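The values are calculated or read from the model by the stated rules, or taken from the named source; none is laboratory data. Here the structure is a predicted model, which is why all the values come from computation and not from measurement. Don't worry about glycine lacking a Cβ; one is built from the backbone with ideal geometry, like all the others, and counts go over all protein chains shown.
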Amino acid sequence: MILHLSDLHFGTEKSACMAAIRLFCLEHKIEAVVVSGDLTQRARYTQFYDCKQFLDSLNLPYLVVPGNHDIPLYHLWNRVFSPFARYQLFFGGMENTLETEHFYVIGVNSIRRRYHTRGHISLSQIQEIDLKLQQAPTHKIKLIAAHQPFYTPPDHSHGVKDCPILGQMALEVWSKSGLNGLLHGHLHHTAVYDLNELYQLNASHAVLEIHAGTATSYRLHGGLPNSFNVIHSNCAIAHYSFDNALADFVLNEKNAD
């Protein structure tokens, strides 16, 4: 199974959540960890360093993608000319691929300095990711990790403003090449949607939109707890929420899919 973390926001991290995630990884048969962006709060050197130390401490393969908080906000020169310099110093490429026994995961960088909140998917990215999907082993669950969601419900306050430009076009292509699901963060809440039905993609299978809350930050939205997702080898999704009294992440039975 895959442990799906998001919005770690190092610089605002909670040590109790970090300790509970380490314990969870020791007690469960996790194939890999995927982090869908916002590793840091302000893209500072020490925040990237602390995040990498934490992820390395899990002793598992992991794939990360940048979030809008992972490019400089106040250092305008760096934001314009080298927005991903610190990210790449610690984590290297922004669109890596991770293969495990049951999963094939592709990282997609949806962050642009001009569209840093909403995000953007380029035509070249659509083509490159589609080729990777076509080359992926047919028996493995094919997932994409990108920070911004490709769908928000009608009652969401920002609507499509939080969905990357050309996102739906990308879905129409990728779904035909066997994409099973997308892992996102950004909104700090958990949810699962079937994009094949919502966007009428005409794929022969479900294409799941999987949102994760913030796993470790005290920047909680709407009173929601810290949380993460687990994706099982049959593509079932389980949501875990942090219980402050237990100092542990517990399965949310109501939202387990």
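Figures for the structure shown
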item: The stretch 228-257 - residue that is surrounded by fewer than 19 Cβ atoms within 10 Å (Cβ to Cβ) and of a type in the set (Ser, Thr, Tyr) and, of those, modelled with the highest pLDDT; result: Ser241
item: Residues (crowded, with 17+ Cβ neighbours inside 10 Å, of a type in the set (S, T, N, Q) and over 18 Å from the mean Cα position of the chain (by Cα)) located in the stretch 184-227; result: Asn196
item: The listed residue being more than 20 Å from Leu3 (Cα to Cα), among the aliphatic types (A, V, I, L, M) and either touching an Asp or Glu at 6+ places or on another chain (Cβ under 6 Å) or buried (at least 17 other Cβ atoms within 10 Å of the Cβ) (or both), out of Ile106, Ile126, Ile144; result: Ile126
item: Unique match (being among the charged types (D, E, K, R) and surrounded by fewer than 23 Cβ atoms within 10 Å (Cβ to Cβ)) among Asp56, Asp38, Asp7, Asp70; result: Asp56
